[in-house]
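The next block holds one structure in the form of structure tokens; read it before the comments.
Every number here is computed from the coordinates shown, using simple stated rules; none is lab data. The model shown is predicted, which means the values in this text are computed figures rather than measured ones. Note that we place each Cβ from the backbone using ideal geometry, even for glycine, and neighbour counts take in every protein chain shown.
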Amino acid sequence: MSAGRWLTVAGLLLIARVVDVALLARSPLAELGPDLMLLVVVALALAEGSMVGAAVGVLAGLLADLTPPATGLLGVSALGYGLAGAVAGRWSRRARYSRLAAVPAAAAAAVVLVGVRMLDAALRNGQTSVTGLAASVPTAAVLALLVVPAVLAVDRRVGPEPPEVLRW
Amino acid sequence: MLAPLLVLTVVLLVLDAAAGPGGTTDRLRSGAAAVLGPAERGASSLARALGDAGRGLTGRTRRQLDALQRENDALRLQARTAEDDRRRIADLDALMRVSGLGRYPVVPARVIAVAPLHDEARRVTIDAGSGDGVRAGMSVLNGDGLVGRVLRAGPATCDVLLLTDPGFSVGVRLEGTGRIGVATGAGSAPMRLSLLDAQTDVRRGARLVTLGSAGDRPFVPGVPVGEVRDVRVSPGTLSRAGTVKPYVDPARLDLVGVVVQPPRTDPRDAVLPPRPSRTATPRATASPRPTTNASVKTTTRPSASTEPRR
């Protein structure tokens, strides 16, 4: 991916995170655990595959760990989002034929992220709330239908996808 | 691309786990806060402005487009904002009353960002930072009582650990008897209380204030914390356990105050709101926020403010 495209991705991640903590977490939707940043990672993973998905995920996680109010150890979210991006990338082949592939990809990524967060919370606090975290999986699946095409549209405007042949 | 990022992540993890407060990673965090804090502040105030406009203008501009109607709408919007301003003034008033009774010099601030629930940490960012005299470890309160303590302060924003966070603990004193204990956050569950004296006789509804810390950091003494919900008797233990309902509702935090200087003398429980009377019905005024009750209650108890403290 080109440098310009990486910059766009970083900007999208930044916007998504600020919207997450400054608007969504304070709205009545907070109970559902919406996570726009995860969906940006999923979108890039669907477009470019597991490796790029994981790299974007690590970037996203570092950003999440640094945005105030920063929580937990620096780097834990990076591993969680990275893993989520790698898993979402497995649906990249199917995503070329159907937009609906975003739904299982986002759900799988959210499941991975919930797992990492539960582990982290259990190590940090000695307790964790499964029910609160589980809500974010269906939320991610539903929101993916709206957010992933939007992110991909922005991404395509910046760096037009090269023809299939050139990718080999 | 991926390998260097992963190495970086692992290095940061180890650095952060090994370094104490004030280490390299903390400097990284405050650097990020300097950039991202104002962004969050902007997003938050933009959303507030849009919300105000949306509430005042729904469906009216579409029907009548003449100048008169537009003027009418503008006036209406002004009236609505005035209502919201009045609520904010009431908040500030209650905050100042609590801080006035306890003689806390406070810096008022607003909540601008909240940690998402799935982060499993109850933290918020407020728009006061080291530029306003806020330092890590200061007490944060609002008109209802203790909100939390400052975790780290950026230039214009700071992170606050709320009292419902599982990592939060505060020494408390029982109103009246002065018995001491520790209250610990437990996420969405009520706070846990452990009283250091197993012989303490505690009833439901007993009220707690902060004990205060050595050097008045992180907690200044005498800030209302909450009410005892229940106390369990567990034979064979040295302490008595129970649960506490905090006065502050973390889900509805807006205006808070950071105590930048401790009071000169320990106000003890002099700043507690008076016991709710059975006959009085201050709630019947259909006020959307409980802070108006505080103003009603404190005025009915003038003795609290005139208590000799020096």
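The table that follows gives values for the structure above.
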read-out	value
Among (1) among the acidic types (Asp, Glu); (2) more than 8 Å from chain B (Cβ to nearest Cβ); (3) more than 23 Å from A:TRP6 (Cα to Cα), the one test that A:GLU48 misses	(3)
Test: residue in the range A:136-145 that is within 8 Å of another protein chain (Cβ to nearest Cβ), within 26 Å of B:ARG192 (Cα to Cα), in a helix (DSSP H, G or I) and not aromatic (Phe, Trp, Tyr)	no
Residue check for A:ALA60: crowded, with 24+ Cβ neighbours inside 10 Å, more than 10 Å from chain B (Cβ to nearest Cβ) and over 18 Å from B:ASP119 (Cα atoms)	no
All positions within the range A:4-44 that are within 12 Å of chain B (Cβ to nearest Cβ) and either small (Gly, Ala, Ser) or in contact with a Lys or Arg (Cβ under 6 Å, 6 or more places away or on another chain) (or both)	A:GLY11, A:ALA16, A:ALA22, A:ALA25, A:SER27, A:ALA30, A:GLY33, A:MET37
Single residue of B:ALA183, B:ALA214, B:ALA206 found to be without any contact (Cβ under 8 Å) to a residue 24 or more places away in the chain and either farther than 18 Å from B:VAL248 by Cβ or surrounded by 16 or more Cβ atoms within 10 Å (Cβ to Cβ) (or both)	B:ALA214
Number of positions in the range A:70-103 that are in contact with a helix residue (DSSP H, G or I) (Cβ under 7 Å, 6 or more places away or on another chain), closer than 23 Å to A:LEU146 by Cβ and among the hydroxyl-bearing types (Ser, Thr, Tyr)	2
Residue in the range B:108-118 that is more than 24 Å from B:SER45 (Cβ to Cβ) and in contact with a Phe, Trp or Tyr (Cβ under 9 Å, 6 or more places away or on another chain) present	no
Some residue of the range A:65-74 being at the interface with another protein chain (Cβ under 7 Å from one of its Cβ atoms), in a helix (DSSP H, G or I) and surrounded by 19 or more Cβ atoms within 10 Å (Cβ to Cβ)	yes
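Here's the yes/no breakdown for (1) within 11 Å of chain B (Cβ to nearest Cβ); (2) within 11 Å of the chain's Cα centre (by Cα):
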residue	(1), (2)
A:GLY80	yes, yes
A:ALA88	no, yes
A:TRP91	no, no
A:ARG96	no, no
A:PRO104	no, no
A:ARG117	yes, no
